[in-house]
Each structure stands twice: as structure tokens, then as C-alpha cells.
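Okay, so here's the structure we're looking at.
The values are calculated or read from the model by the stated rules, or taken from the named source; none is laboratory data. A quick note: this is a predicted structure, and the numbers were derived from the prediction, not measured. Every residue, glycine as well, gets a Cβ built from its backbone with ideal geometry; the counts of neighbours run over all protein chains shown.
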Amino acid sequence: MYAKDRLYLTRSIIFSTIFIRVNMKGRHTSLIVFLVLLPLVIHAEKRIAPRVLKVGVYDNPPKIFVDKKGNPDGIFIDVIRSVYPSNELHLEFVYGKWSELVGKLKKGEIDVLPDMAYSPERDSLFTLSIPVLSSWLQVYTTTSSIINKTEDLHHKRIGVLKSSSQEEYVKTDIQRNFHIKYTVIGYDTYTQSVEALKAGKIDALIADRFFYFSELCDEDILASGVVLQVSSLHFAFSKNTDHTLVEVLNKTISLQYNQPQSAYYQSLQKWFNKHKTRLPESVRWLIGVLSFAMIVFLLFTVVLRARVQAKTRALNQQNKELIAAKMKAEESDRLKTAFLQNLSHEIRTPLNGILGFVNVLQDPHFNDERKNQFIEIVNKSSERLLSTINDIIEISKIDSNQVEVNPEPVNICAIMEYQYKAHREKAIAKGLVLKVQTQQVPENTSLITDKTMLSNIISILLNNAVKFTNEGTIELGCFIEQSSLVGYVKDTGIGIPPDRLEAIFDRFVNADLELSRPYEGSGLGLAIVKSYLSLLKGTIRVESEEDKGSVFYFTLPLNS
Ligand code: ADP
């Protein structure tokens, strides 16, 4: 319709312009035409002037009310919005109390007031739309006052909405028709009247049936069976309002009545179902308490789980440590047993040799040659016993910090040459080749270190090389690497299993744990070497391959 207005105006202007141009020749004719068309244009402009419809909004949910965000809502608002689309007409909402709004409507300060119950007087004062809803009055109470029939209102205090149609009806008609007397108290809003009812300031509240579906009517308020005055509810337009707007409203509502899916029925559905879906207070409390308990339980479970996991982690760690400690203890136990057996073997064997052959020496049946052989055995056994005892004494001295480092300038080549000579015979006796390689180190290379300790280190390593090599070559040598002197003893002997490479430097440890091992030795030699090197700020390491041979490298700092 408003689009039509615009078309009408446009057409008028174009038409008048063309007409004027065509008739420009005669000034008088043009003026006449312009004057004739002017009212038409003005009329058209008036029809499309910004259309604003001032709608009164008061508080009577769910029919009409202001929501929590301050916007108008309710059945009447849904209906009026569906009737006048926003692009055609701007609805301006004017908030107020019912009585104020009725006054404004009378004065034409607002255009329309929804939710007006029919009365002949109102019909004459305003332009009423066709009925939008039908209503009736109902008596609402609380559990503290029992009202089962209209007569029960006798001597009661009754609340009504001020200036509403029911106020007049309650004040006069009911008392007259039922011959009863009561006090009527008017309230500006339903909220106030509900508060008064709950506070016991009134015994009953008379409101329309829609009140039952509003949020205000909670479980504390009872809808008594007492029903009064059936009425129809309308949009009341001010007498000044453009009548076409009323027509549009009436036609649209009539159409919506006949369409079950219309905005009208959707609104009813929305507002009347609202109350039904609300759960009783007790159930809502129960759900609240259960939800809270659930959250607490969940939190408790989460915390408990985290604590259990932390505890499990700690226990797992402890377990790992215990297993490692157990394995270490078992290993120590095995080593201790092996050592004791080894040590007693290392002491007993030479001792038996000594005692046995000393006795045999006294036997006159043996000639001198045989006796010399026995003396040789007694000597070797004594040396072996002495060596073992010396090792034990040395390790005890190291343990009790009695070993002192006496640094002095040392010629490494000379020491190596000396040790080479000391072990050459033993090697040759086993059919081995013993070599010394010191050429890589300048003759005059002087090292400040403990000479005795260095000699002992080389001696122990050479001794082992000869002991654990059955054929091939043993090489003793040294070279300079960065700021260290590296000495080495290389052999083509039995080699060391990879899993024993570290352990051999521990005390009383042999690479072969078996008692039946064919090589004698207390397992202290490498431990002494390692302790010496630590005192001399040096290091030791080994590279070895079983059945191929081993290389023991030791380093000493050159600047020390
Ligand atoms: P001992 O030689 O008295 O047994 P050591 O501490 O000198 O004690 O050596 C520990 C172990 O290391 C030896 O028992 C042996 O099993 C192994 N070992 C040392 N040197 C060599 C080597 N050159 N070749 C093979 N195994 C060796």
C-alpha cells in the first residue's frame, strides 16, 4: 500500500513536469496546470510522510509487557509487529502505566493502545479493532485464603489493576450482583499486586485469564475456580489515527485467524506453552541440587584421579629405583662372592705352592736339579703372593687418602723404555713380540707428574697385556693429543666382552666372573690405575674386541 503511495507521487511529479514543459509556450496555461497539480503533489507527500505509530506498552504479561532487556514483548506486540512490517511503518513504543496510557490515547498522544477490553464507553472514545483475544476475569489467591465461589469474596481485600476495565466491574457489578461487600485496592502494575498478595496485604487478586500464563503467576499463586465477566480484547486506536491503519490491522488479523500457521497462532503457542513447560519449584530445586552434587562429584573425581596419577607416577619411580637398587645389590653380592673366592684363591694358591715345595725340598730323594726347579716355583709363588698383598695394601692406602702425589719432571720416553725392558723377558717367554713406540713424542718432552705412579700404571697395563695375550704382539707407546700426553698399551690378546668394559675398572672385578677362569689376578690392578690417574688429573679408557685384542689409553695433562 505504501509502495503504491510512492508510485502515485512519482507518477504525479513526472506527469506534471512533462505537462508543464509541453505547455511552456503559454505562460498562463503552465501556471494554471501547476496550480492544479500542486495540491495533488502536496497530498501525495502527506500520504508518504514518515509514518510513525506510537504504541502504548504497559505491564500485563503475557499479553503485553517490557522484557528484562527493556524491549516490548507479548502477544499483542507479536501481532502488531506482524501487521505492520518495519519497512512500511515505524512503531514507536511509549511505556507507561495503564491509566496513564489510556489518558494519552484520549489526548491523541499515542496512536494505539493494545489489550483494551471492550466496553460501550471505550467503543465511543476510541476506534477499537476487531477482537484479538477473548478474556475473562479470574480470582487468584494464595494458600492462605480459600475462595471457591464468588460469595467467598465477602469482606475480603481484593487487588485489581488501576483504571482497568475490571476495576470498574469489580468495584460495582460484582458487589451489586452477588450482594457482597469487600475492599478494592488498585495497583499500578501486576507486579505490585502480586507482591501485595504474597505479603498478605490483599486476600485475592482479580486479573484476566492470561495472568495465569505470565511469569508473575508462580507456584505460590493459586488460580481459584471463580471466573467472572467474559470480555473481548482489542487494539484501541486514537480517534485521530489514520483509519486505513485500523483497516489494515483488522484485515490482517482476520486473515491470520484463518491460517493455523500464522504469526497470531505462533504467538499464542509461544506464550501459552511457556507456563506449562515450567517445572515445579521442588523439581527445579532437586535438579539444581543434583547438578551441584554432580559438579562436586566430577571435580572430586578429577582431583582424585590427578592425585592417584601423581601417586602412581611416584610409586613407579620408586619401583624403578628399587629394581635398580636390587639389581645393584645383587651385582655387588655376586662381585663380593667372586672377589672373596678370587682373593682366597689368589692367596691360597701361591701359599700352597710355597708350603708344598718347601716341604718337598727337605726330601733327600730329589737331586739338585729338581730342587732348583722347586725353588723356582717357591719364588714365583712368593712373588705372586707379594704382588696380591701389595695390591691390597695400595688400594687400602688410596682409600684412606694415604697416597701422596709427588710431582716432578718426568721423561715419558725413558719410563716407557724402562718398562719395556722390564717386561720383555716375560713376553718373550710366552712367545710374544713386545714393541715400544715413543717416536711420536719429542725426546725432550717433559711431563710434571708422579714418576712412581706413572711407572706403576704402565707396569700394570703391560702385565695385564702379557697375562691376557697368548700369541701376537704387545705394543707400548705414546703420542701427544691437544694438551695431553696419551700413553697406550695395545695387545692381540683375548679381549674383553662389551658388557664388562666399564666394570673392569671397579675394584675386585675380573672380566670373567667364573671361578674356573684360567687367568690369575685379584682384580685390583685397573682399579689402582684408575685411582692413580684420578690423582694425577688424567683419564683411562679401553677399546677392545673379544678374541682380537685390547687397547688401553691413558691421558695425562701436559701442563701439570
Ligand atoms: P687382574 O688382572 O688382577 O684380574 P685387573 O684389575 O688388572 O685385575 O684387571 C681386571 C680384569 O680386566 C682382568 O681380570 C681381565 O678380565 C680384564 N683385563 C685387564 N686387562 C686386560 C687385557 N689386556 N686383555 C683382556 N682382559 C683384560
- Query: If you take the residues of region 477-512 that are of a type in the set (A, V, I, L, M) and within 12 Å of the ligand (Cβ to nearest atom), which of them is surrounded by the fewest Cβ atoms within 10 Å (Cβ to Cβ)?
  - Reply: LEU501
- Please list, ordered by first then second residue, the pairs with beta carbon atoms under 9 Å, 6 or more apart or interchain, first in region 460-474 and on the phi < 0 side of the Ramachandran plot, second of a type in the set (Phe, Trp, Tyr) and near the ligand (Cβ under 7 Å from one of its atoms). LEU461/PHE552; ASN464/PHE552; ALA465/PHE552; LYS467/TYR519; PHE468/TYR519
- Query: Looking at (1) under 60 Å from the mean Cα position of the chain (by Cα); (2) closer than 20 Å to ALA527 by Cα, can you tell me which one SER483 breaks?
  - Reply: (2)
- Qualifying helices (runs of 4 or more DSSP H) (wholly inside region 159-233; at least 3 residues being within 22 Å of THR143 (Cβ to Cβ)): 190-198
- Do we have any residue at all in region 251-263 that's of a type in the set (Phe, Trp, Tyr) and buried (at least 18 other Cβ atoms within 10 Å of the Cβ)? no
- Note on the structure: Among the residues of region 537-555, the number that are more than 10 Å from the ligand (Cβ to nearest atom) and either among the basic types (Lys, Arg) or over 56 Å from the mean Cα position of the chain (by Cα) (or both) is 4
- Keeping to region 399-423, report how many residues are β-branched (Val, Ile, Thr) and over 29 Å from THR445 (Cα atoms). 0
- Message: Would you confirm whether or not region 346-353 contains a residue that is more than 24 Å from GLY521 (Cα to Cα) and at pLDDT 85 or above?
- Response: no
- Any residue at all in region 54-72 that is modelled with pLDDT of 90 or more and farther than 28 Å from TYR212 by Cβ? yes
- Filter region 123-141 for residues that are under 24 Å from GLY159 (Cα atoms) and crowded, with 17+ Cβ neighbours inside 10 Å; the one that is modelled with the lowest pLDDT is SER135
